[in-house]
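The structure appears below as structure tokens.
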There are 2 protein chains.
Amino acid sequence: MDHAVVMAGGSGKRFWPESRMHRSKQFLDLTGGGPMIVETVRRLLPLVPRKNVWVVAGEKDAPHLSARALGVPPGNIVLEPEGRNTAPAVALAAALIEARDKDAVIAATPADHAVADAASFRAVLGKGFRLARRTGRFVTLGIAPAHPATGYGYIERGDPYREGRDGAYLVRRFTEKPDLKTARRFLRTRRFYWNSGVFVVRAGTYRNRVARFLPAVHRELERALRDAGKRGFRDGLRRAYARMPSVSVDYGILEKEDGILVIPSDFGWNDIGTWRSLHEFLGGAGENVTAGKAILEDTRGALVRSDRGVVAVIGMEDVVVIRNGDAVLVCPRHRSEEVKGIVDEVERRFPDLA
Amino acid sequence: MDHAVVMAGGSGKRFWPESRMHRSKQFLDLTGGGPMIVETVRRLLPLVPRKNVWVVAGEKDAPHLSARALGVPPGNIVLEPEGRNTAPAVALAAALIEARDKDAVIAATPADHAVADAASFRAVLGKGFRLARRTGRFVTLGIAPAHPATGYGYIERGDPYREGRDGAYLVRRFTEKPDLKTARRFLRTRRFYWNSGVFVVRAGTYRNRVARFLPAVHRELERALRDAGKRGFRDGLRRAYARMPSVSVDYGILEKEDGILVIPSDFGWNDIGTWRSLHEFLGGAGENVTAGKAILEDTRGALVRSDRGVVAVIGMEDVVVIRNGDAVLVCPRHRSEEVKGIVDEVERRFPDLA
């Protein structure tokens, strides 16, 4: 069967003041369609049936994880004792899935990305499931780049797979976030895709590669999972996580694996990494994007959000104004990346407001 | 005796969101020294004794007018049924003062202006009292202009009075707010002063000029005041005010009066007409001026005020950010004047937040 693993362990600071120490990005309603994690689950249905949608998140986020709100069975919510990045998260979910369905194919997806065209996303993902099941390979979704973004990792394609009969390419390499010059070169070659972070693979294959490339993660998880369903399992898992390295799927597995496939896709994907990218996702360059009560006078290209009361903006261009709870953020759109630094400062000076 | 009349009937909209429909500028603590009206009373002491300080304000502001907080006798708080601008306000106060002290000289002052050097202000005002008492003339305080402001009215001086023996000049004319070109010309001639709005005159003279230049105001007030201290006085006053024109002292009296004197002064006066002028009063051009919890990163020339929580500003120049209650304002400093328009929009769209 086809299963999905929603990776919800993130804890970004770039959406302060909406994201806080105790409310990460995936639990925010940024695009107006509900919390991003709920959108992410919804986007998978009905391609993946509800009973096969799994959510992996940190224990600390348990209060935000309502199975009812997410629309998945309570047993499909997998809580990690602490964050160890994506490779262990998917390994834990994959092990639980495989225990129930030994032929499972899993599609892993970040919980906090946006997709404009969900139907197109499901069509591509369906292709990914079929390809991963048939070939036993890792299948990634690459996004046709719209501009030379420096905030994304890229996937370089190699030769067409089976002479293009599946609409997929062999992956030549994964790259880190490039500088602007490099990103421009990537676009010119027409051989690079944005790495959407979504991949599909047989659960057994994933387990096998964790054993090969990340033996410490494999060993700790296997040991802890012997007690699955028994008393003492959570304690064992806690000990296992304490000993595990923190490592991403990209770095720990995909960059070492051979024969990975990439399906070029175009479903209006955006990782919504900063307030700037939220603006980009929701509006054009000079457009104002607002949520909540806002009065904008002679203002262009603004992102204005308010959880209560009113925000009035006069005569500003490309500004971000976010009012949430006790905090207000004002910055130029192109400096949204620096919000992270502000959060550190807030934590230091006004810890109750971080 | 010397008396002071603090004119507190204003209802400006340019300090939204701190000023609201039910809290005008004179009741805000803008400079950090307490509500402006309290600062205004304090600035007069001990030149004018507390028992001779009178406050004229609108009935609607009664909840904000604590005689104890103001430090004046409760009987010195004069409530107008509705606003009719400054000429009737001073006429009402002057009549009550004259009834108690027929030789009174009154200094009328706006309740919502700032003065950096209170001692120097009292020295000049003392001179004004002496001059007004001796000559029977209106005496105004003119401010040596620091720059070609377009937000102030100006006083043009004529010849030195008594060959300068009193440090005063005869007033040649009062002018409305000039455009920038005119203001520059004013400065070059060195014959113009900013009109501080403060003037000194015998109470009897003031009454006499109201009778001459504003007979309707005079007639209505005289009739109402016949019942002063009796039952039905407030109702009579309400009827009188309903029939009175709305007219300022400048327009209704000073511009028509001959032989007015002006004392050139320099006590760090600022009418604090907009957020911009508050910034100008409290800081230099490139300085950040903050009140409340604020984090400013790579930001210059900002005015940031927050009544609670924290305001974070990254990478902005010359911006005004005000957070108060349920509202947030963001605008360039030089566009503070337009806040008035925003208030109208808030009143229209979100009346509970105006």
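Bear in mind these aren't lab numbers, they're just calculated from the coordinates by the rules spelled out. Given the structure is predicted, the values throughout are model-derived calculations rather than measurements. Using ideal geometry, Cβ is built from the backbone for each residue, glycine included, and neighbour counts are taken over all protein chains shown.
Computing Rg and the Kirkwood Rh from the Cα coordinates of the protein assembly as shown gives a ratio, Rg/Rh, of 1.18. Seen against the Cα atoms of chain B and their longest principal axis, helix B:215-225 is set at about 80 degrees. Comparing B:283, B:12, B:341 in a Gaussian network model of chain B where C-alpha atoms under 10 Å apart are linked, the largest mean-square fluctuation is found at B:341. The Rg/Rh ratio for segment A:1-148, using Cα coordinates for both the radius of gyration and the Kirkwood hydrodynamic radius, is 0.95.
Mind checking segment B:151-235 for trypsin sites (Lys or Arg not before Pro) that DSSP puts in a loop (not H, G, I, E or B) and that have at most 11 other Cβ atoms within 10 Å?
Details: sites: B:157, B:162, B:165, B:172, B:173, B:181, B:184, B:185, B:188, B:190, B:191, B:202, B:207, B:209, B:212, B:219, B:223, B:226, B:230, B:231, B:234; in loops: B:165, B:190, B:191, B:226, B:230, B:231.
Here the sparse-neighbourhood loop sites are B:165, B:190, B:226, B:230, B:231.
Taking amide H as placed 1.01 Å from N in the peptide plane, residue A:58 has its amide H under 5 Å from the amide H of A:80, each at least 5 places away in sequence or on another chain.
For residue B:146, the point set 7 Å out from Cα toward Cβ sits 4.9 nm from its twins in the other copies, listed from shortest up. With the helix formula -39500 (n - 2.57) applied to DSSP H stretches of n ≥ 4, chain A reaches a computed 222 nm mean residue ellipticity of -9000 deg cm²/dmol.
What per residue convex hull volume, in Å³, do the alpha-carbon atoms of segment A:275-353 yield?
On the way: hull volume 6.5 nm³, N = 79.
It comes to 82 Å³ per residue, whole-number rounded.
Taking 7 Å steps out from each Cα toward its Cβ at residue A:101 and residue A:67 produces label points 1.7 nm apart. Close amide H partners of residue A:198, meaning residues 5 or more places away or on another chain with modelled amide H under 5 Å apart, are A:141.
Looking at segment A:236-354, the DSSP beta bridges with both ends there are about 30 percent antiparallel. For chain A, modelled as a GNM whose springs connect Cα atoms under 10 angstrom apart, the maximal fluctuation among A:268, A:153, A:32 occurs at A:32. Averaged over peptide A:328-340, the number of partner chain Cβ atoms lying within 10 Å of each residue's Cβ comes to 5. Pairing the Cα long axis of helix A:233-243 with the longest principal axis of chain A, what angle in degrees results, from 0 to 90 and rounded to the nearest 10? Roughly 80 degrees, rounded to the nearest 10.
Taking amide H positions as modeled 1.01 Å from N, with prolines and chain starts lacking one, the residues under 5 Å from residue A:303 and 5 or more places away or on another chain are A:289, A:319, A:320, A:321. Label points for residue B:117 are taken 7 Å from Cα along Cα→Cβ. From this copy to the others they lie 7.2 nm apart, shortest first.
Other chains' Cβ within 10 Å of A:313-323 residues: what's the mean? Each step should come with its number before you reach the end.
Details: counts 5, 12, 6, 6, 1, 0, 3, 2, 4, 2, 7.
Across A:313-323, the average partner-chain Cβ count within 10 Å equals 4.
Here the simple spin-label model places points 7 Å from the Cα toward Cβ, and for residue A:349 and residue B:182 these points are separated by 4.4 nm.
Taking neighbour counts of Cβ atoms within 10 Å as a proxy for exposure, in what order, fewest first, do B:344, A:112, B:318 appear? Kindly include the intermediate steps, with their values, before the conclusion.
Details: B:344 12, A:112 27, B:318 18.
Ranking B:344, A:112, B:318 by Cβ neighbours within 10 Å, fewest first, gives B:344, B:318, A:112.
Note on the protein assembly as shown: antiparallel DSSP beta bridges, both residues inside, total approximately 40 percent of the bridges counted. Lys pairs in chain A, Cα-Cα under 26 Å, at least 8 apart or on separate chains: how many? Value for chain A: 24. In vacuum, with every alpha carbon of segment A:2-270 counted as one equal point scatterer, what does the Debye formula give for log10 I(q)/I(0) at q = 0.12, 0.15 Å⁻¹? Two decimals, please. Scattering profile of segment A:2-270, log10 relative to I(0): -0.71, -1.14. The mean number of Cβ atoms from other chains found within 10 Å of a Cβ in peptide A:341-352 is 3, as a whole number.
Each copy carries a label point for residue A:341 at 7 Å from Cα along the beta-carbon vector; from one copy to the others these points are 3.4 nm apart, nearest first. Seen against the Cα atoms of chain B and their longest principal axis, helix B:180-189 is set at about 60 degrees.
Each residue of segment A:66-81 was assigned a 3J(HN,Hα) from its phi angle through the Karplus expression (A = 6.51, B = -1.76, C = 1.60, θ = phi - 60°), giving 9, 4, 5, 5, 6, x, 10, x, x, x, 8, 8, 9, 9, 8, x Hz with x at Gly and Pro.
The residue among B:22, B:313, B:325 whose Cα reaches farthest toward the positive pole of the charge dipole of chain B, with charges on the beta-carbon of Lys, Arg, Asp and Glu, is B:22.
Please tell me the relative contact order of chain B in percent, rounded to the nearest whole number, where contacts are Cα pairs under 8 Å and at least six residues apart. Display every interim value, and only then the final one.
Working: 707 pairs, mean separation 66.5, N = 354.
Result for chain B is 19 percent.
Computed over segment A:215-354, the P(r) curve from all C-alpha pair distances, binned at 10 Å from the origin, holds 10, 24, 20, 22, 19, 6, 0 percent per bin.
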